[in-house]
Amino acid sequence: MADTPNELSLLTRALNMGVTDDCNEAAASNRRVFTGAALAIGLLSPIWITLYFVFGEVRSGLIPSAYSILSLTSFVILGRTQRWEMFRRTQLMLIFLLPFGLMWSLGGYILGSAVMIWALFAPVGALWSGQADEARRWTLAFLVAAVGSGLIEGFLPATNNLPEWMIRTFFVLNISAVTGVILYLLAFDRGQKDEYIEVLSRNRELEAAYLAQEITLRQSDKLATLGKLSAGMAHELNNPSAAVQQAVGELGDALDASGLAEIECAALGLAEVEMGVFADLNDRIGRRVDQPLFLDPLDRSDQETGVQGWLEEHEVTERWDVAPLLVELGLGVSDLAAVAADFRPQQLSGALATLADRYRRASLLSGLAESTDRIIGLVSALKSYTYLDQGPKQAVDIHEGLDMTLVMLKHRLNTGVEVSRSYSDSLPAVEAFGSEINQVWTNLIDNAIDAMAGVGSIQLSTGRLGESVFVEITDSGPGITRELIENIFDPFVTTKGPGEGTGLGLNISHSIVTQKHGGSISVDSEPGRTVFRVELPIKGNVAVVTPEATTEESEGS
């Protein structure tokens, strides 16, 4: 007849008495098997008690009776207190003492039907519970008790009231049962291990798949960051490159025209006084190139009109080209009148044309130098930002990394973000992966710009704290909600709208700081002020960096 649902429920509750919330699946399974074995032995005890009393072995019958009472008591205590360890040790002690007590009361190895072999479940039970040292102690106790039983067997009763056929039958049954149960437990444990190994194998496959996906996502985020920086760098390089291209074209035209002007000027045969005035005007060119004259557009237009009229009165050729250059040199109508007083009329036009052409060439060359310096500076910043010419791990100057990141993000800062820097006067370099640390600064600063919608202020602060350095990036954005801030470093968590962000930047930054560098990253936020704080261990005896940028340096980006 099949077990009723109530019987199954009662048995299930009994087997789960030792299973607590802190048990994993393997521990819970082992406890159920241990509890089931203890319950089975307890249920078999009445059979022994009945047989011994039927055949007149009252003393031997009292031993399993005492075992049943004590075993039942330990189950009740377990159900009330959930003290698994006390229950386990009590059951091991009972299963060890019961077989030896029965054997001694029945007269020894043969007359006791080798019942003492059941005591082997004490070390087996300890080993099953994962207590290897305790199992060795129980095994030693079993051997000592077995040897002791042999020594005292001569002092035990030489007979008992059990029939000889029953003694032989129980002898075989005891050995067979204990052997079978141990083999079953070993097979069960082996099956559990095989299942555990299979689960581990599946977990490794899942971990490998997750790792591959994470690498792909990281690469995707890096490519997205690279795309932003590339767009900004292209924008920054485009302006000086266009200036160079334009200057080269104009310089070619200026050189063609200047050749004729120089020839014309040389053919004029300037007098000594005229040569002196011309030399003074030529010196003025160098000073004006170094310190350009900035004029209001309306004022410039008025001056150019006046100079053009004066040049026309003095019959100076190409006055439309010459007038703007003379105004840029700072020569107004009154200045030109003073110059004209020292020149013969026929030499004035050639001298002024030559002067204007020289200033044009000098200005174009200065513009070329400035533009090429800008390009070289941007390439140098990019090189420093990416650490292209260095090993994977370097002594990283935190200030330089922050400054290079600002250069890379300048096109985004130009929208209306003011950056202020409060750098420690003396900050040690840190042993780190430079390009990845710069990726952290890029993510944090870029997020701050997005949070402020491109208008606001960002403050960069650094300092030393024991054997670590810290960087704080503060923005004046609207802040992060308390509900979101608790999971802000989890993957795919973002404050941006759909399609505007992947939600991986902060997660990757957290991984770089905590896992790759053993540091920490935290955030504190309220409306109008959000602070991301990154702490990095110095890790080693590195040089001290004294930054050129000092405390409270501000720049309007």
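On inspection, residue 300 fails the criterion of being buried (at least 17 other Cβ atoms within 10 Å of the Cβ), among the basic types (Lys, Arg) and assigned to a helix (DSSP H, G or I).
Filtering the range 131-142 to residues that are open to solvent by 30 Å² or more (accessible area, probe 1.4 Å) and either in contact (Cβ under 8 Å) with a residue 12 or more places away in the chain or among the charged types (D, E, K, R) (or both) leaves 133, 136, 137, 138, 139, 141.
Residue 344 meets the conditions (1) open to solvent by 80 Å² or more (accessible area, probe 1.4 Å); (2) farther than 17 Å from residue 277 by Cβ; (3) of a type in the set (D, E, K, R) in every case but one. The failed one is (2). The residue of the range 86-130 that is most open to solvent (accessible area, probe 1.4 Å), among those that are under 17 Å from residue 147 (Cα atoms) and part of a loop (DSSP other than H, G, I, E, B), is 110. Yes or no: residue 321 in contact with a helix residue (DSSP H, G or I) (Cβ under 9 Å, 6 or more places away or on another chain), acidic (Asp, Glu) and within 21 Å of residue 280 (Cα to Cα)? No: the conditions fail for residue 321. Of all positions in the range 168-179, none carries a residue that is outside any helix (DSSP H, G or I) and open to solvent by 30 Å² or more (accessible area, probe 1.4 Å). Quick check on the range 330-338. Is at least one of its residues under 17 Å from residue 282 (Cα atoms) and under 60 Å from the mean Cα position of the chain (by Cα)? Yes, that holds for at least one residue. If only residues of the range 143-167 that are assigned to a loop (DSSP other than H, G, I, E, B) and open to solvent by 60 Å² or more (accessible area, probe 1.4 Å) are counted, the one that is modelled with the lowest pLDDT is 158.
Of the residues in the range 458-485, how many are part of a strand (DSSP E or B) and open to solvent by less than 50 Å² (accessible area, probe 1.4 Å)? Selection size over the range 458-485: 13. Which condition number in (1) over 60 Å from the mean Cα position of the chain (by Cα); (2) modelled with pLDDT under 75; (3) assigned to a helix (DSSP H, G or I) is the one that residue 287 fails? Of everything listed in (1) over 60 Å from the mean Cα position of the chain (by Cα); (2) modelled with pLDDT under 75; (3) assigned to a helix (DSSP H, G or I), residue 287 misses just condition (1).
Conditions (1) assigned to a loop (DSSP other than H, G, I, E, B); (2) surrounded by 14 or more Cβ atoms within 10 Å (Cβ to Cβ); (3) at pLDDT 70 or above, marked per residue:
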residue	(1), (2), (3)
488	yes, yes, yes
497	yes, no, no
503	yes, yes, no
518	yes, no, yes
531	no, yes, yes
535	no, yes, yes
547	yes, yes, no
551	yes, no, no
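Given the residues 355, 311, which is the only one that is aliphatic (A, V, I, L, M), over 22 Å from residue 294 (Cβ atoms), open to solvent by less than 30 Å² (accessible area, probe 1.4 Å) and at pLDDT 75 or above? Going through 355, 311 in turn, just one is aliphatic (A, V, I, L, M), over 22 Å from residue 294 (Cβ atoms), open to solvent by less than 30 Å² (accessible area, probe 1.4 Å) and at pLDDT 75 or above: 311.
Please verify whether residue 322 is touching a Gly at 6+ places or on another chain (Cβ under 9 Å), of a type in the set (Val, Ile, Thr) and at pLDDT 70 or above, treating the condition exactly as stated. So residue 322 does not fit the description; no.
Residue count for the range 180-211, restricted to those that are open to solvent by less than 90 Å² (accessible area, probe 1.4 Å), closer than 20 Å to residue 125 by Cα and of a type outside the set (S, T, N, Q): 8.
The values are calculated or read from the model by the stated rules, or taken from the named source; none is laboratory data. Model, not experiment: these values are computed from the prediction. Cβ atoms come from the backbone with ideal geometry, glycine included; neighbour counts cover every protein chain shown. Areas reflect the complete protein model, heavy atoms only, side chains present, ligands, DNA and RNA absent. Shrake-Rupley method; radii C 1.70, N 1.55, O 1.52, S 1.80 Å.
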